[in-house]
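What follows is a short report on a single structure.
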Amino acid sequence: MNLSDDVIVVDSYSTDKTLDIAKKYGARVMQHEFKNQATQFNWALDNIEIKHEWILRLDADEVITKELEKEIVETLPRVADDISGFYIKRKVYFMGRWIKHGAYYPTWILRLFRKGRARSEEREMDEHIILLQGKPANLKNDFIDENLNKLSWWIDRYNKYSTREVSALLIHNESVSEKLDGSQTERKRWLKNNFYYRTPKFLRAFLYFVYRYFIRLGFLDGREGLMFHFLQGFWYRFLIDAKMYEQEK
């Protein structure tokens, strides 16, 4: 089953074999200088003639499951017009292991939406696609997030993420509503801004790791889970605080 006959790759002038591989499999390749994910995605929405009514956004390290593909094909022809987008569960793998615990699954992300009815909030980091009109719905099946690069690449990536997260906090340009009783995205944004970032620097990274690894059973994810929850839930958050402290100094 083929989900779409119009696959678009937005490339930021890569120097590897990305372009050759994409063209080999029939993708349309567009190039644009990368600033951040939000700007890149909105540029694509504004400047590329997209063939179909529905748009599915995927990063280079993400794939959809056969079950999700089948569900999308069966759902879209009969969806009500007031439904403008769908939240899909992200299933993250780290070093080949599904990170199932630690409050990391399921993470619901708006990735499928009608053309012209959504765009990304302009934020340096932790950006979300938001609907401009209509209502969202949920799909039952997952998409897979599994990066196959080495651990040193992952650490370098999150070091860069931490710099962008500090920039986003300083600018504080957000479009997602903060609602404790709202969607998962709205609830997380409320907790992050009204609870986490009001807890003392450095201590909050430690408490967050304890919450994920012990209270939310992250230890059940094995050795890979220990590395992931420590690096992503403690080290990364501690690094953000250190860079914020550096800015204040």
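Observations, loosely collected:
- Residue count for the stretch 1-25, restricted to those that are closer than 20 Å to PHE41 by Cα and among the aromatic types (Phe, Trp, Tyr): 1
- Filtered residues of the stretch 145-174 (kept if among the hydrophobic types (A, V, I, L, M, F, W, C), closer than 29 Å to GLU69 by Cα and either crowded, with 17+ Cβ neighbours inside 10 Å or touching a helix residue (DSSP H, G or I) at 6+ places or on another chain (Cβ under 9 Å) (or both)): TRP154
- ALA80 meets each of the listed conditions (1) within 9 Å of PHE143 (Cα to Cα); (2) of a type in the set (A, V, I, L, M); (3) not in a strand (DSSP E or B) apart from (1).
- Out of ILE240, ILE215, one residue alone is farther than 20 Å from THR107 by Cα and among the β-branched types (Val, Ile, Thr). It is ILE240.
- Checking ALA242 against (1) aliphatic (A, V, I, L, M); (2) more than 24 Å from ASP156 (Cβ to Cβ); (3) more than 22 Å from the chain's Cα centre (by Cα), the condition it does not meet: (2)
- Residue pairs meeting the criteria (Cβ under 9 Å; at least 6 apart or on separate chains; first assigned to a helix (DSSP H, G or I), in the stretch 184-205; second exposed (fewer than 14 other Cβ atoms within 10 Å of the Cβ) and of a type in the set (Lys, Arg)): GLU186/LYS179; ARG187/LYS179; ARG189/LYS179; TRP190/LYS179; ARG204/ARG198
Taken together, the values in this text are just the output of simple stated rules run on the coordinates, not laboratory data. These figures come from a predicted structure and were not determined experimentally. Neighbour counts are summed over all protein chains in view; Cβ atoms, including those assigned to glycine, are modelled from backbone coordinates with ideal geometry.
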